[in-house]
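Report on the structure given below.
The values are calculated or read from the model by the stated rules, or taken from the named source; none is laboratory data. None of these values were measured; they are calculated from a predicted model. Every residue, glycine among them, receives a Cβ derived from its backbone with ideal geometry; neighbour counts consider all protein chains shown. Heads up: the accessible areas ignore ligands, DNA and RNA and are worked out on the full protein's heavy atoms, side chains in. Shrake-Rupley method; radii C 1.70, N 1.55, O 1.52, S 1.80 Å.
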Amino acid sequence: MGVTDPAGPVMDRDEVDRALARLGAEHEAIETSLFALQDHAGRRLLEGAELSGVTQERWQDAEASITLLWAYFDAYTAALRSAREIRARRRWSSREDLVELTELLRGESVTVADSTTATANAPTLSGPGRLSRSFSLTTLVDRMNELYASSLDMVVAADAVWSALPARIDLLAAELQRTRKLAHSVGVRPGEHPAGDDLERITRTLTKLREDVVRDPLAFWVPAEGSSAPGGGRPDTTVYDREARALEDVRREIDAVLTVRQDAEQRLIRLRDVLSRADRTLAEARTARGEVLAKIAATEVPVVSGPPTALQEQLAAAAEYRRQAQWHRLSPLLESLEQKAEDELLRARESLTAVTAPLAVRAELRGRLDAYRAKVARYGLAEDPFLIERYDAARRMLWSAPCDLRVAEQAVLRYQQAAAEQFGAPHTAHQGGPEDREGEQA
């Protein structure tokens, strides 16, 4: 080791050789990286693209950084070449050579001329307004690594977005076109069906999304948190994913319309059958009401309404939609009609049940009277005058028209009570006791 100078202690031959070997390896690595950056597909695309927004701003910075990076590399190459030439003068370097090499390898011996074009947007280690800058080889390597990392990060991010999003958007756009043709074939058109309006909106959104991605890819880049590696992050597919889901919803809607087209005739036939059964049930209820009014006295019989004309009109409209192949209108109408038709059939059945309730009560009283008569016969009391009188009175009331159900029920109860007294059973005045159930079973 020699005396010190501004660059530090004078290096010996071994230190010089080790430093030259290390700097040479770094030179090769930097050169390889620079050529890889120069040939990077993303960089070539950025050079030829019409950019805007964030990408345009960052690419201007990156271009300046790359230009400055090559200038630094050229200066680094020249300094390394000079150092190698000095070391090659003699096998055993003289002290003067070692002093010169120490200054070259350790001192701020590399001067790089500033260029307005190269450094206008690139970050620098020194303040603005300087015509040249001096670096040590180690500092220059660190500086080149910084510029390379920032430039590569921008290039890789833009390339990742361009590699991912436009192709996916194009595939979705192709699927969108197929869906639009299918939608048009079944009458799903803008202004006539919500799904048609959705297709128009998705088309506009995808067109604008692709334009934005091509012109400003970095606007769709999400950096990875805590990652310092160049290109750490992922493309932002939020808008794309939302429109893909919307298109899937439209496809399901169109599939439903297609299903309607395939089974519309069978569904219309079923609808006509359900409404026909409802009409027949109402007609039966009206007939039964007349019979009840003629045969049953002193009772309230509900009025039976006629068949709803609105359902028949809607059914006719559904048939017309099918004839005109307006499947998008037929689909919701059929669903509504099917529910209304089932409700109408249920209403008709409930109306028939309500109207015929008095006849059911009369039939139950007749059955109970005959059951007790059979029980009386089993007890050997069929010829009992009192019981015969009570039975005949109840029977006349139940088989006469009009029948007063309240009076007839009292007559049946009197016959039951008289029979129970003859059987020796406890007196009962209600119609649901054990004796009654036994008589009904008989």
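In table form, for the structure just shown:
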{"item": "Solvent exposure of the stretch 194-297 as accessible area per residue, Å², 1.4 Å probe", "result": "54"}
{"item": "Computed lengthening from Lys208 to Asp343, 0.36 nm per intervening residue step minus Cα-Cα distance", "result": "43.7 nm"}
{"item": "Equivalent ellipsoid semi-axes - Cα gyration tensor, the chain, angstrom", "result": "107, 30, 14"}
{"item": "Approximate spin-label separation Asp170-His184, in nm, with each point projected 7 Å along Cα-to-Cβ", "result": "2.3"}
{"item": "Ordering of 341-349, 210-218 by packing [mean C-beta count within 10 Å, highest first]", "result": "210-218, 341-349"}
{"item": "Cut-off under 5 Å, modelled amide H: who pairs with Asp236 long-range", "result": "Trp221, Val222"}
{"item": "Taking the chain and dividing mean pair separation by its residue count, relative contact order in percent (alpha carbons under 8 Å, at least six apart)", "result": "13"}
{"item": "Environment charge of Asp404, counting only residues whose C-beta is closer than 12 Å and scoring Lys/Arg +1, Asp/Glu -1", "result": "+3"}
{"item": "Highest average packing first - 172-181, 62-71, Cβ atoms within 10 Å", "result": "62-71, 172-181"}
{"item": "Diffusion coefficient, µm² s⁻¹, Stokes-Einstein with Kirkwood Rh over alpha-carbon pairs of the stretch 252-398 at 37 °C and 0.692 mPa s", "result": "172"}
{"item": "Computed helical MRE - 222 nm, the chain, DSSP H runs ≥ 4 contributing -39500 (n - 2.57), nearest 500", "result": "-25500 deg cm²/dmol"}
{"item": "Residue-span extension gain [Ser276 to Asp255] - 0.36 nm each, minus C-alpha spacing", "result": "4.5 nm"}
{"item": "Accessible carbon and sulfur surface of the chain relative to its total accessible area, %, 1.4 Å", "result": "51"}
{"item": "Lys, Arg +1 and Asp, Glu -1 on Cβ, resulting dipole of the chain about Cα centre, debye, nearest 20", "result": "1620"}
{"item": "For the stretch 256-415: relative contact order, % (alpha-carbon pairs under 8 angstrom, 6 or more apart)", "result": "32"}
{"item": "Protection proxy ranking, peptides 369-378, 27-36, average beta carbon neighbours within 10 Å, highest first", "result": "369-378, 27-36"}
